[in-house]
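Have a look at the structure below, then the notes.
The values are calculated or read from the model by the stated rules, or taken from the named source; none is laboratory data. The structure displayed is predicted, hence computed values, not measured ones. Here the Cβ positions follow ideal geometry from the backbone for every residue, glycine too, while neighbour counts run over all protein chains shown.
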Amino acid sequence: MKSYLMITGARGGLGSAFVLEAARRGFDLFLTDLSADGDALSRQISEQFQINVIYRPCDLADDNARESFLGGLKTEGFTFWGLINVAGLDHEGMFLEKSRSQILKILKVNVLSTTDVTHEILQLRDPEKKFRLITVCSLAGFYPMPYKATYAASKRFLLDMSRALREEIKDFGSVTALCPAGMPTTVECMRSIFAQGFWGMATSMNMDVVARLTLKAALKGRGLVIPGFLNQMIHALSSLVPAELALKYVAKRGCKARAVVANSLILRETPVEPDRVSMARAA
């Protein structure tokens, strides 16, 4: 019986990178994301790499949609040898600046749906193959993060769950927690990276590189992947810094980045006087 590697969030930046890396390796894929127009892309990937690709749209944050999606997999008899949990969400800003619905959506996507999908796909695993589970966590999951409190806490949950599951399923599989720094997956993410200046740019990683390194590590059974030497050093050194001091530093960086973003938005929205346009052209 044919078994698949499932990738959630398959149409996003990092998800697409994982799709292409897995396709290059000849893996049959089962893809899901919010978008309903994934069939054309699936056919293209299938034809280009000569693999089987199935795409099913699903809003994983919607309990009913997720229940129907997961139930259908069992009814149709699908089996899986691996799962890459990419689907995730964040809203930049202070906790009280976010609406109740935004906060709950972060938790539904990052925590609830990821946990639910993982639980169900593990039960549909191919018993003849070693199961490989990759969950996209974050460097933010190692520390409390002012201005990203809900997001960082949700990623800490995923990191701890990955570590625990690694021990639980060691007899038939492996679990890899991917903890990257910022990546240019969305316009909002790119704005946040640029706002952090040198450190934001220096720690940011190319998504294709991250996907390649992570999949290679997961197939070897590694438990933790922190892409980039600088990010690895920051993580190692941070364990030597008192928690309160690290928290204050993160808060200071976050506050400064917020100010940069706010100023850039103000400048972008400020109309330019006609005479200044002329002067600029003349210069």
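Name every residue in segment 116-157 that is part of a helix (DSSP H, G or I), aromatic (Phe, Trp, Tyr) and surrounded by fewer than 22 Cβ atoms within 10 Å (Cβ to Cβ), in order of residue number.
Looking only at segment 116-157, we keep the residues that are part of a helix (DSSP H, G or I), and these are 116-123, 139-142, 149-157.
Then keep just the ones that are aromatic (Phe, Trp, Tyr); that gives 142, 151, 157.
Within segment 116-157, Phe142, Phe157 qualify.
For segment 162-209, enumerate the residues that are of a type in the set (Val, Ile, Thr), closer than 22 Å to Phe229 by Cβ and modelled with pLDDT of 95 or more. Show your work before the answer.
Step one: filter segment 162-209 for residues of a type in the set (Val, Ile, Thr), giving 169, 175-176, 185-187, 193, 203, 209.
Filter again for closer than 22 Å to Phe229 by Cβ, leaving 176, 185, 193, 203, 209.
The answer is Thr176, and nothing else.
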Conditions (1) assigned to a helix (DSSP H, G or I); (2) charged (D, E, K, R); (3) surrounded by 15 or more Cβ atoms within 10 Å (Cβ to Cβ); number of the one not met by Asp160
(3)
Search result, residues across segment 33-79 that are within 12 Å of Val117 (Cα to Cα), touching a residue at least 12 places away in the same chain (Cβ under 8 Å) and of a type in the set (Gly, Ala, Ser)
Ala61
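Would you check which residues across segment 160-178 are out of contact with any Ser or Thr (no Cβ under 8 Å at 6 or more places or on another chain) and closer than 23 Å to His91 by Cβ and list them?
Narrowing segment 160-178 to residues out of contact with any Ser or Thr (no Cβ under 8 Å at 6 or more places or on another chain): 160, 163-164, 167-174.
The answer is Asp160, and nothing else.
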What single numbered condition from (1) in contact with a strand residue (DSSP E or B) (Cβ under 8 Å, 6 or more places away or on another chain); (2) modelled with pLDDT under 95 fails to hold for Ala40?
(1)
Which pairs have Cβ atoms under 9 Å, sit 6 or more apart or on different chains, and link a residue in segment 210-227 that is under 11 Å from Ala17 (Cβ atoms) to one that is in a strand (DSSP E or B) and charged (D, E, K, R)?
Leu215/Arg132
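Suppose we keep only residues that are exposed (fewer than 14 other Cβ atoms within 10 Å of the Cβ) and among the polar types (S, T, N, Q) within segment 233-263. Which one would you say is modelled with the highest pLDDT? Break it down stepwise before answering.
So the first thing to find is which residues in segment 233-263 are exposed (fewer than 14 other Cβ atoms within 10 Å of the Cβ), and the list is 233, 236-237, 239-245, 248-249, 252, 255-256, 259, 262-263.
Filter once more, keeping what is among the polar types (S, T, N, Q): 239, 263.
Working: Ser239: 77, Asn263: 57.
Per the criteria, the residue is Ser239.
Output the residues belonging to segment 61-108 that are aliphatic (A, V, I, L, M), assigned to a loop (DSSP other than H, G, I, E, B) and within 20 Å of the chain's Cα centre (by Cα).
Step one: list which residues in segment 61-108 are aliphatic (A, V, I, L, M), which gives 61, 65, 70, 73, 83-84, 86-87, 89, 94, 96, 103-104, 106-107.
Those still in the list that are assigned to a loop (DSSP other than H, G, I, E, B) too: 61, 86-87, 89, 94.
Residues satisfying the conditions are Ala61, Val86, Ala87, Leu89.
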Quick check on my filter: what residues within segment 75-99 are at pLDDT 95 or above and either farther than 30 Å from Arg212 by Cα or surrounded by fewer than 16 Cβ atoms within 10 Å (Cβ to Cβ) (or both)?
Thr75, Glu76, Gly77
